[in-house]
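Please treat every number below as a calculation from the coordinates, not as lab data. Since this is a predicted model, take the numbers as computed values, not measurements. Cβ coordinates were reconstructed from backbone atoms using ideal geometry, including for glycine residues, and neighbour counts include every protein chain displayed.
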Amino acid sequence: MKLFIQIPCLNEEATLPLVLAKIPKGIPGIEDIELLIIDDGCTDKTVAVARGLGVHHVIHHAKPMGLARAFRDGVDYALKHGADIVVNTDGDNQYPSEAIGELVQPIIRHEADIVVGDRQTGKISEFSAFKKAMQRFGSWVVNKAAGTHIPDAASGFRAYSKKSLIQLNIVTEFSYCMETIIQAGNKRIAIASYAITTNPKTRESRLFSNIFEHMAKSGGAIIRSFLMFKSNAIFKWAALLFGLLGLIPIIRFLVFALQGNGSGHVQSMLLGIALLMICSLSIALQIISEVQRIQRRLVEDELERTKEIQYSAPYQVIWAKQDEWGSDNTCKTATQQQPCPGQIKNSGID
């Protein structure tokens with residue numbers, strides 16, 4: 001099996017050596033370990049430091065694109081180059097690199113397709129009581145939306161099998177952490193947790209300026225991911241709620257009408273009709289969302305087949321010819337005999 005360890009970086013020249021120093025050189029069940037740096041618009045010497053420490057695979061972003069895009073591009077590169085397992089860790093040395101060997105074992109043993117490193121946030125002294133509470137609450141919300149039992153849903157220290165990565169589709173622009181758990185839970189992808197201890201804090205997070213911004217962005221990502229899979233449930237409960245609420249004033253009006261006193265309670269009838277109209281609208285929206293859910297499943301099934309072909313061995317030969325900028329290496333040899341696709345060979349005629 002081939003393992004790719006990807007590290008998204010934004011100016012991590014000081015901490016990257018700490019991350020790379022403890023990455024295991026050998027792991028039982030893994031034949032090949034590759035390191036991948038995602039340069040998310042670095043303006044320091046991060047890439048030079050990485051190359052000096054033996055990193056051969058680098059993806060470049062001309063400007064910062066965010067953690068979700070860095071993760072998505074890293075996964076695409078790793079799968080194109082034959083990855084069977086992809087581990088994601090951070091360049092700020094928050095996570096214990098030496099634990100990667102244990103993190104991937106559930107995947108190697110075919111017990112899980114995703115393994116999330118549990119930071120045991122309740123034991124992190126640098127977290128305030130409020131932040132610990134919000135971490136627990138956020139994980140509870142994600143687990144409810146996904147039907148999972150992951151204690152640290154925000155952890156970015158994770159291992160993914162190739163099979164799970166082909167099934168997952170990252171659409172958020174903020175962070176993939178919550179989204180992948182919700183998708184995995186709803187797609188019945190086996191997901192497990194592994195307890196880790198974090199390293200001392202080296203810098204402030206660059207994903208958000210304060211805990212409230214993080215809560216707002218994470219909440220938006222959770223809601224969008226939930227709506228992808230369970231929007232029909234929202235309209236179902238809305239239809240039930242407004243239907244019951246609409247029946248109450250109508251029944252009340254009918255009771256008074258049978259008693260010969262209906263003319264003074266027309267407002268109850270109007271209120272009931274309005275609520276039942278909302279109920280009818282909710283039913284219509286539920287039907288539409290159910291049709292869209294079926295269409296999404298069909299599209300994702302087709303996308304999975306496309307990815308399986310794109311990341312198959314014959315295509316990996318093609319991707320291996322590309323350099324880190326996406327150019328074809330075979331077009332750069334000075335002694336080439338045949339012109340590259342799209343290139344006109346000089347005939348010597350002026």
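Could you check the spin-label model distance between Glu290 and Arg252? Points 7 Å from the Cα along Cα→Cβ, value in nm.
3.2 nm
Which of the lysines could a cross-linker bridge to Lys163, judged by Cα under 29 Å and excluding same-chain residues fewer than eight apart?
Answer for Lys163, where 29 Å is the Cα cut-off: Lys2, Lys22, Lys25, Lys80, Lys144, Lys187, Lys217, Lys230, Lys307, Lys321, listed by chain and number.
Taking R0 as 25 Å, what FRET efficiency do you get between Asp44 and Lys22 from their Cβ-Cβ distance, rounded to the nearest 0.05?
Details: r = 22 Å, r/R0 = 0.87.
E(calc), rounded to 0.05, equals 0.70.
Find out how many positive minus negative residues lie around Lys163, taking Lys and Arg as positive, Asp and Glu as negative, among other residues whose Cβ is under 10 Å from that of Lys163. The partial results should precede the final answer.
Working: positive: Lys162; negative: Asp84, Asp113, Glu304, Glu308.
Spelling it out: positives minus negatives among the neighbours equals -3.
Where does the charge balance sit around Ala129 when Lys and Arg score +1, Asp and Glu -1, over other residues with C-beta under 15 Å from its C-beta?
Numbers: positive: Lys123, Lys131, Lys132, Arg136; negative: Glu126.
Computed value for this residue: +3.
On full extension of the chain, what length is gained from Ile223 through Glu304, given 0.36 nm per residue of separation minus the C-alpha to C-alpha distance? Don't skip to the end; give the middle numbers.
Values: separation 81, 0.36 × 81 = 29.16 nm, distance 2.40 nm.
My answer for the length gained is 26.8 nm.
Quick one: plug the Kirkwood hydrodynamic radius of the range 50-106 (C-alpha pairs) into Stokes-Einstein at 4 °C, 1.567 mPa s, and report D in µm²/s. List each step's numbers first, then the result.
Numbers: Rh = 13.1 Å.
D = 99 µm²/s.
Simple spin-label model, 7 Å along Cα-to-Cβ: Trp237 to Asn261 in nm?
Distance between label points: 3.8 nm.
What's the Cα-based Rg to Rh of the range 241-321, Rh via Kirkwood? Display every interim value, and only then the final one.
On the way: Rg = 26.9 Å, Rh = 16.9 Å.
Radius of gyration relative to Kirkwood radius: 1.59.
Normalized C-alpha radius of gyration of the range 144-202, against 2.2 N^0.38 Å?
Details: Rg = 12.1 Å, N = 59, 2.2 N^0.38 = 10.4 Å.
Normalised by 2.2 N^0.38 Å, the Cα Rg of the range 144-202 equals 1.17.
Thinking of the range 31-187 as a set of Cα atoms, what percent of all their pairs are more than 18 Å apart?
Details: 7609 of 12246 pairs.
When every Cα pair of the range 31-187 is considered, 62 percent fall beyond 18 Å.
Which of Ile222, Leu245, Ile33 sits farthest toward the positive end of the charge dipole of the chain, with +1 on the Cβ of Lys and Arg and -1 on the Cβ of Asp and Glu?
Leu245
Explain nothing, just the number: dipole magnitude of the chain about its Cα centre with +1 on each Lys and Arg Cβ and -1 on each Asp and Glu Cβ, in debye rounded to the nearest 20.
Numbers: 37 positive and 34 negative charges, 214 e Å.
Dipole magnitude for the chain comes out near 1020 debye.
When the chain is fully extended, how far beyond the present Cα-Cα distance does Lys131 get from Ile278, taking 0.36 nm per residue of separation? Please report the intermediate quantities before stating the final value.
On the way: separation 147, 0.36 × 147 = 52.92 nm, distance 3.92 nm.
Here the segment from Lys131 to Ile278 would lengthen by 49.0 nm.
How big is the Kirkwood radius of the chain, worked out from every pair of different alpha carbons and given in Å to one decimal? All intermediate terms of the calculation are to be shown ahead of the outcome.
On the way: mean 1/r = 0.0427 Å⁻¹.
Across the chain, the inverse of the average 1/r is 23.4 Å.
In the range 70-145, how does Rg compare with the Kirkwood Rh, expressed as the Rg/Rh ratio over alpha carbon atoms? Please report the intermediate quantities before stating the final value.
On the way: Rg = 15.1 Å, Rh = 14.8 Å.
Rounded to two decimals, Rg/Rh equals 1.02.
Could you tell me how many degrees, from 0 to 90 and to the nearest 10, lie between the Cα long axis of helix 266-310 and the main elongation axis, the longest principal axis, of the Cα atoms of the chain?
20 degrees
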